[in-house]
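Here's the structure we're looking at; comments come further down.
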Amino acid sequence: MITSFLLKSLDRSIIAVVAILLGLAIAVPALNLLTAPDHPLHVPTYLVSLFGKYLTYALLALALDLVWGFCGILSLGHAAFFALGGYAMGMYLMRQIGARGSYGNPLLPDFMVFLNWKELPWFWQGFDMFWFAALMVVLVPGLLAFVFGWFAFRSRVNGVYLSIITQAMTYALLLAFFRNDMGFGGNNGLTDFKDILGFNIQAAGTRAALFAASALTLAICLVLTTAIVRSKYGKVLVAVRDAESRTRFLGYRVEHIKLFAFTVSAMMAGIAGALYVPQVGIINPGEFEPGNSIEVVIWTAVGGRGTLIGPIVGAILVNGGKSIFTAAFPEFWLFALGGLFVLVTLFLPKGVVGTASAYLARRKAHRRAADAERARDTLVAEPMAAE
Amino acid sequence: MNQTISQTKPKSLLYLDGVSVSFDGFKALNSLSFVIEPGELRAIIGPNGAGKTTMMDIITGKTRPDEGQVFFKGDIDLTQRDEAEIANLGIGRKFQKPTVFESHTIWDNLELALNRSRGVFPTLFYRLTADDKTRIEEILSTVRLSARRDDLAANLSHGQKQWLEIGMLLAQEPELLLVDEPVAGMTDAETAETAVLLKEIARTRSVVVVEHDMGFIRELGVKVTCLAEGSVLAEGSIDFVSSDPKVIENYLGR
Amino acid sequence: MYRILQTLLITLCLLVSAHVTGPRAADDLGALVSALGTAKLAELDDRIGALAKSGDPRVIPVLEALGEGNLYARKTDGGVFLTTEKGASLVLVDPLTGSAIGEAPKGELQKIKVNNAVRRAVRSALGGLTLFSADTGARLKAAQSMRQTPNADALEAIEAALAAEKDATVRKTLDEARAVTLLVSDRPDDDKRAAIKTLAESGGREALGVLTSALSSADASLKPDIEAALQRIEQAQVFWNAGQNVWYGLSLGSVLLLAAIGLAITFGVMGIINMAHGEMVMLGAYTTFLVQDVIRTSYPALFDWSLAIALPLAFLVTGVIGLAIERSVIRFLYGRPLETLLATWGISLILQQAVRSIFGPTNREVGNPSWMAGAFDVGGLTITWNRLWIIVFALAVFAALLFLLKRTSMGLRMRAVTQNRRMASSMGIRTPFVDALTFALGSGIAGMAGVALSQIDNVSPNLGQGYIIDSFMVVVFGGVGNLWGTLVGAFSLGILNKFLEPYAGAVLGKILVLVLIILFIQKKPRGLFALKGRAVEA
């Protein structure tokens, strides 16, 4: 059952993207580790981490696309799920520092010693174990999404209202995580990580492995999302997006349908955050900034919402552009980003991938129509059977 | 009248008694009572604002009545259930404005409507069986859309969308079908075909048709209920109802 | 003639007064001061008391010197002098006249020794003495200090001062000081009861503290009175605290109302999620800054009028910008609210960066005109003028808008377009024109809000971002498409916020409010004052 569920997703374009991702997962680390720094194909470590970061962004955009593109739920809180996953990973990394912190406390992270805390709060227990942290990475965002979504969808909070309250949710979390007594490092967040699973987090080998892990995770999540979207459940999702009450009168529990997608999407965002944190080396409350969630929306929109490859392309395009732009003309990045928001909504509502595939489909249809016409010409004209 | 109704309750398919609802002081339904028997085809007429759509909203769980009883199959209280639950009990509804899933193909529209388990996980791992295929084929030919199965629903004409929606209702296999103005915006030929279609459907299930088109109702040739100001004005054959002076004054005469 | 008479009179008075009080008082005082030199440590207390009782201001420097250890007695004759150190010798000054006497080696003089008990006596004596100062401010300060640190010895001085006092404020403070002091003295219980009553009436945190400390040492017979008084004060305080919270809440609510009211129009009337709304507020604030800048350099006299000048300008500037945004972007997005959200967010980024590029990223200073500065008290409330004016302004804007929507033909058209765009259009209303004007109006109001907010917030490119989420909360909470909902929403959220703050802290209070709104929307997805009926649901 599961295999057929997954196999359904494998059409040509998805296979191609998965192949590219797997190729990258092998090629980039290899080019980084096995070539000399002066080799023309050498990929410096900072670029490995930078591309790794893009891949986690792509995963975040893919997660958003599942709910926005396919179910019409414009969540402005996905950065919050991303950040929660990131914090769960950050807590693991903090506990790995052990006695190597500036205060040398074997149990308490530096900021707790600084705040004069005597013991580890209960919610930090267990984060010294990787499996537990990994579980929390999906569980915490998933649970938040489940509870939030259960309330919101049950009472049929829709459209912009849902967007606004998801934004309020991430804003409340932002304020909460800024507080020192929440126990998550307040303003400064969690940083100064030393190692992950026993490997030095700064080492080129670890960076390369993290990149490979990001590419692999993205590939897996892409296959999974595709399978979801191409299943009958995926068709119901789209049905909810296009005609919610029709779906309801057909007997579907729209709130359950939405809740499942929302929760899965939040978990994927959490995983993205967990892969992001070790590659950038810090997580702080700034990640909850409402603006971040909106930026994810634009990555998805640029690539093409409601397409599976679009969000990946969009996230990489926009962030690549951002890296280049902020280095060349830092003053103008916000102008460019703002302009992008306006132009994409006005002129490219289907995004790059959506527009391209619509063009291809039109051409294909033209060709098929032409073929059919030719075929009909050769046959003796007969009235259609249906009449 | 109420007494006769309560006697008919056990064997009725749909039973409304004293249903009232108001929006911001406007009484949309005023102690509305009527009964639909199993296998009956019933037409409901009435002027705008008579409460026809509100009545459907109440039967399908979209609106809760302020007072009154709504029972399905004798003892299932519909006022306590929501849309999805009521749909799964076997009540299908067609909207006034044709509503189909425009970005799905005709086939997918029917597949979605098919009466199969509608939970998250059953749909996630659903596989189209041979039975389901045959059933969809059947419906496609019933609603005369076999040739267009792979087209997007958005590309259908208005009348074809109406039929597709009726087809989706059939796929749902309801015991009671509520059809809101099925021939609005249709050509005369399409209207006649729709009447045939509905009569065919009514052979196996109960159908309630809300319509303005008197010609169409005459063509159906069934019992007619006339609503006005939220309650039943007259009930009987089309000739009986259309000769009722109250009906003429309230509805036909204008 | 008059002048001569006046001069005569003054001379006469001077002569008489000098004759009557001058020499004799000087003699007495001289003796009292000299007595300090011969007194033993234990006797000093009484001597200081005697000096203080004279009530003569000339005693003040003597006591001050004593307290600071600068009062010396000459070994040879016991003469007492104020001294300042100069190398190995001391400069001597006559304690009462203040005239220099000369220098003497340190060995010839003996310091009048003091300990902490003496210093305390000096301090309270000094306090009592300033009660008779000619300066009202000094008297008030002395009375306040006596009220704060009651000393039974000062009681007579306070009573004397009270008898002579004319100024009402000082009298009231003295009265309270007397009551406070009386409680720690050995006066009869009846007097103390009266004092407790006085304190209970005056209320305030200080009275509470005094009475609480008196409770532990008081006689059993007095305790019930004190407890009753304490209760009364506490009740009064709860009342005034609640009042103050309401005031802060109203003030916050008015700010929310100002920020949200423009949004209520664009969101409620047009269904547009204008994320650039906060930036309109910000632009309004920067308009104020520019106006003040011009006034400061060219017409400083007009400064008090700066806000009045900025208000219409801000309305125009942001209104025109809003019009431009509507015509260039938003009109292509009607009926797609989520798209308007994205596009206007992009516009907000552009506007922020533009302001940052032009004016720099730091805060710009916007001054308060004189009529906006300061505060006044009403009972136990402190009310600042700027907050009061902002409340008045917010309500005025609200009333004007309500009038515009309900009583003018433009408003009628706007409402028609809200309720049924197609129908309005077929009735001959030019919907694009109405849309553009409505959006410009919403933006213009945001600009005016910016003028007001420039008075209480930092004027920086990020000004608007701080308001956007709160404003949306207000509109959603109050119910979309209903101005009264926005009014009630703004004030109730403001007050709720301020009532939560003392218990939860500012940040947690805000989080709580957000969570409450999220829960509230579950219950009433359309807000407090939702439009009902079939038309809205479709």
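The table below gives the values:
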read-out: Tally, over segment C:77-97, of residues that are open to solvent by 50 Å² or more (accessible area, probe 1.4 Å) and touching a helix residue (DSSP H, G or I) at 6+ places or on another chain (Cβ under 7 Å); value: 1
read-out: Filter result for the condition that a residue is part of a helix (DSSP H, G or I) and open to solvent by less than 10 Å² (accessible area, probe 1.4 Å), over C:Gly494, C:Gly527; value: C:Gly494
read-out: Search result, residues across segment A:183-217 that are within 24 Å of A:Gly286 (Cβ to Cβ), open to solvent by 60 Å² or more (accessible area, probe 1.4 Å) and in a helix (DSSP H, G or I); value: A:Asn187, A:Asn188
read-out: Answer residue from segment A:238-277, given it is of a type in the set (A, V, I, L, M, F, W, C) and over 19 Å from the mean Cα position of the chain (by Cα) and is farthest from the other protein chains (Cβ to nearest Cβ) among those; value: A:Val240
read-out: Segment B:34-67: number of residues that are open to solvent by 10 Å² or more (accessible area, probe 1.4 Å) and hydroxyl-bearing (Ser, Thr, Tyr); value: 2
read-out: Residue in segment A:279-289 that is surrounded by 24 or more Cβ atoms within 10 Å (Cβ to Cβ) and of a type in the set (A, V, I, L, M) present; value: yes
read-out: Candidate set from segment A:100-118 (those that are open to solvent by 60 Å² or more (accessible area, probe 1.4 Å) and not charged (D, E, K, R)); member that is farthest from A:Pro285 (Cα to Cα); value: A:Pro106
read-out: Hits in segment C:225-244 (condition: over 14 Å from C:Ala195 (Cα atoms) and open to solvent by 70 Å² or more (accessible area, probe 1.4 Å)); value: C:Gln231, C:Arg232, C:Glu234, C:Gln235, C:Val238, C:Phe239, C:Trp240, C:Asn241
read-out: Flag for A:Pro121 being more than 14 Å from every other protein chain (Cβ to nearest Cβ), crowded, with 16+ Cβ neighbours inside 10 Å and at pLDDT 90 or above; value: no
read-out: Residue in segment C:43-63 that is hydroxyl-bearing (Ser, Thr, Tyr) and buried (at least 17 other Cβ atoms within 10 Å of the Cβ) present; value: no
read-out: Extreme residue, nearest to A:Gly90 (Cα to Cα), among residues of segment A:253-297 that are modelled with pLDDT of 95 or more and of a type in the set (Ser, Thr, Tyr); value: A:Tyr276
read-out: Among (1) open to solvent by less than 50 Å² (accessible area, probe 1.4 Å); (2) more than 14 Å from every other protein chain (Cβ to nearest Cβ); (3) among the hydrophobic types (A, V, I, L, M, F, W, C); (4) in contact (Cβ under 8 Å) with a residue 40 or more places away in the chain - the single one A:Phe153 does not satisfy; value: (2)
read-out: Cβ pairs under 7 Å, 6+ apart, first in segment C:352-367 and within 14 Å of chain A (Cβ to nearest Cβ), second of a type in the set (Asp, Glu); value: C:Gln352/C:Glu279; C:Ser357/A:Glu331
read-out: Residue tally, condition aromatic (Phe, Trp, Tyr) and either open to solvent by 60 Å² or more (accessible area, probe 1.4 Å) or at pLDDT below 85 (or both), over segment B:1-33; value: 2
read-out: Considering residues of segment C:127-153 that are open to solvent by 90 Å² or more (accessible area, probe 1.4 Å) and in a helix (DSSP H, G or I) only, the residue nearest to C:Gly37 (Cα to Cα); value: C:Asp153
read-out: Residues located in segment B:72-124, provided they are part of a helix (DSSP H, G or I), open to solvent by less than 30 Å² (accessible area, probe 1.4 Å) and either in contact with a strand residue (DSSP E or B) (Cβ under 7 Å, 6 or more places away or on another chain) or more than 9 Å from every other protein chain (Cβ to nearest Cβ) (or both); value: B:Leu78, B:Thr79, B:Ile106, B:Leu110
read-out: Criterion (hydroxyl-bearing (Ser, Thr, Tyr), over 20 Å from B:Glu85 (Cβ atoms) and either without any contact (Cβ under 8 Å) to a residue 12 or more places away in the chain or in contact with a Pro (Cβ under 6 Å, 6 or more places away or on another chain) (or both)) met by exactly one of B:Thr105, B:Thr123, B:Thr129, B:Thr142; value: B:Thr129
read-out: Selection from segment B:184-199 of residues that are open to solvent by 10 Å² or more (accessible area, probe 1.4 Å) and not polar (S, T, N, Q); value: B:Ala184, B:Gly185, B:Met186, B:Asp188, B:Ala189, B:Glu190, B:Ala192, B:Glu193, B:Val196, B:Lys199
read-out: Number of the condition not met by A:Glu295 [criteria: (1) open to solvent by 20 Å² or more (accessible area, probe 1.4 Å); (2) more than 13 Å from the chain's Cα centre (by Cα); (3) within 14 Å of another protein chain (Cβ to nearest Cβ)]; value: (2)
read-out: Helices (runs of 4 or more DSSP H) enclosed by segment A:1-81 - at least 1 residues per element that are modelled with pLDDT of 95 or more, open to solvent by 10 Å² or more (accessible area, probe 1.4 Å) and under 23 Å from A:Gln202 (Cβ atoms); value: A:45-71
read-out: Selection from segment B:137-181 of residues that are among the β-branched types (Val, Ile, Thr) and assigned to a loop (DSSP other than H, G, I, E, B); value: B:Val143
read-out: All positions within segment C:496-514 that are modelled with pLDDT of 85 or more and away from every other protein chain (no Cβ under 11 Å); value: C:Leu496, C:Asn497, C:Lys498, C:Phe499, C:Leu500
read-out: Selected residue (only one of A:Leu259, A:Leu317, A:Leu275, A:Leu337 is of a type in the set (A, V, I, L, M) and open to solvent by 30 Å² or more (accessible area, probe 1.4 Å)); value: A:Leu317
read-out: Test for A:Gly320: is it touching a Pro at 6+ places or on another chain (Cβ under 8 Å) and more than 12 Å from every other protein chain (Cβ to nearest Cβ); value: no
read-out: Looking only at segment C:389-414, and only at residues there that are touching a Ser or Thr at 6+ places or on another chain (Cβ under 8 Å) and either open to solvent by 30 Å² or more (accessible area, probe 1.4 Å) or over 20 Å from C:Gly450 (Cβ atoms) (or both), the one that is modelled with the lowest pLDDT; value: C:Met414
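The values are calculated or read from the model by the stated rules, or taken from the named source; none is laboratory data. Keep in mind the model is a prediction, meaning the values are calculated, not measured. Cβ coordinates were reconstructed from backbone atoms using ideal geometry, including for glycine residues, and neighbour counts include every protein chain displayed. What goes into the accessible areas is simple: the full protein's heavy atoms, side chains included, and nothing from ligands, DNA or RNA. Shrake-Rupley method; radii C 1.70, N 1.55, O 1.52, S 1.80 Å.
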